[in-house]
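Okay, structure first, notes after.
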């Protein structure tokens, strides 16, 4: 049998979801013809589905040497590049595809995804619409359009798109997760049963099972079936943990090195460099799911503040390695010029995000790892630290399948130990930075006294009180976090004490939070 014939047989199995059988046939084809373009391309697609994206990219590069102008191969290659964070390269490849095939649905959809990541929402929606005009049955583009509409707070339109996508292809597991995140499941809804039946299918890819377990957990939580929902969370997190790489010891050493480097003496010495005097950035940081999106939404409702969302610019620019030294080891060697250069690079990114705004929030939670460097780079910038009950915070993290990888969140004991390291690091920052440099904002206090806490935060930021901040849920700005639905609603207290409903499951978490 020729390689072409073997590939044709493999494609049939691949489309049926029989990945193991298809994989063997692709490998058989390549054994006889190692440079076979279609076999390398399609095995690459399968590897990408398996989460082995690095291998997938290599296979696509081999295929593209044989067929450098294949729109399908180029488009799939671009999608893989985006997955591994090479977004600019991906965008360039999508643009190349569209010069070859202007109505290529995959490239239009992929281009929309990159534009969405760049917060160019209108252009992203236009790209998805163009993909659907080229192929009305393109389920992925329809689902992506629904996700974009969620970020914009256009929930009714988003639900309609997601419902249509599920009707077109009920096997698309990720769509269920998107749907339940912005829709409350009511008694009598058949969606949980449909998800249970899909989850029970043999041969379902591991990631698809993970997505369904998290979606089922949210559905049963909506229905008030706390125990059943958490059992699905346990299954989903356990499976997800098996799919990710997380070296807890390396993570712990990183926290230790930061505290060893940032001594009171070093902070006092480097503060003499004076950094950049700009007051424009407002850094909102802390543990994920601690109320940071709520605080940003309150701040972004002020006429003088633009909500920048989770900016990566500080980590990518100010925190890049210095020669052979990575963070935090390069900090003792920083001179005034290097510190100013890093600050200037960050401010350029802020300027691109909001060229006309007087103040701009940066709600990247993990900036708590960089707080000392933020202080040195921007001694006049505000640092707000969001804090929430540890059990509630960790349970909320455990309940989310994050868009980005946060591998410490998929095991309760690991999550608890990570939380303790975060807590110790924040205590360290309070100790070594000037008194009052960081304002702790407790989620429970905001829920209990929205106006009082808003006034406190605005005063700390040097901003006048504005009533628009109290009506934060009316703010139509795009939001791209797991809290997108919650902050579109008036403030509610249901999330306070959330962990109590799952107490019987939380032994490992409680022990980790106690033992450290």
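None of the figures in this text is laboratory data; all of them are computed from the coordinates on show. The structure presented is a predicted model; accordingly, all values stated were derived computationally and were not measured. Note: ideal-geometry Cβ built from the backbone for every residue, glycine included; neighbour counts use all protein chains shown.
Some observations on this one:
- Peptide ranges 243-254, 149-160 listed from the most packed, as the mean C-beta count within 10 angstrom indicates: 149-160, 243-254
- Cα gyration tensor, segment 250-515 - rounded (a/c under 1.5), prolate or oblate: oblate
- Annotation: peptides 224-232, 290-298, ranked by per-residue average of other Cβ atoms within 10 Å with the highest first, follow the order 290-298, 224-232.
- To the nearest ten degrees, helix 155-168 and the longest principal axis of the Cα atoms of the chain are 20 degrees apart.
- If you sort the three axes of the alpha carbon gyration tensor as a ≥ b ≥ c, you get a/c of 1.5 or more for the chain and a/b above b/c, which makes it prolate.
- Relative contact order for segment 250-515, counting Cα pairs under 8 Å that sit 6 or more residues apart, in percent: 29
- For segment 381-448, the relative contact order works out to 56 percent when only alpha carbon pairs closer than 8 Å and six or more residues apart are counted.
- When only Cα pairs below 8 angstrom with a gap of at least 6 residues are kept, the chain shows a relative contact order of 12 percent.
- Principal-axis analysis of the Cα atoms of the chain puts helix 226-243 at an angle of about 70° to the longest axis.
- Degrees separating the helix 3-15 axis from the principal Cα axis of the chain, which is the longest one: 60
- With each label modelled as a point 7 angstrom along the Cα→C-beta vector, the residue 402-residue 241 pair spans 1.6 nm.
- Segment 128-151 residues near the modelled residue 164 label - backbone nitrogen below 16 Å, point 7 Å along Cα→Cβ: 128-150
- Taking a ≥ b ≥ c as the square roots of the eigenvalues of the Cα gyration tensor, an a/c ratio of 1.5 or more together with a/b no larger than b/c marks segment 3-243 as oblate.
- Spacing of the two label points (7 Å from each Cα toward its C-beta) at residue 84 and residue 28, in nm: 2.9
- With the simple spin-label model, which puts each label point 7 Å out from Cα in the Cβ direction, the residue 249 to residue 234 separation comes to 2.9 nm.
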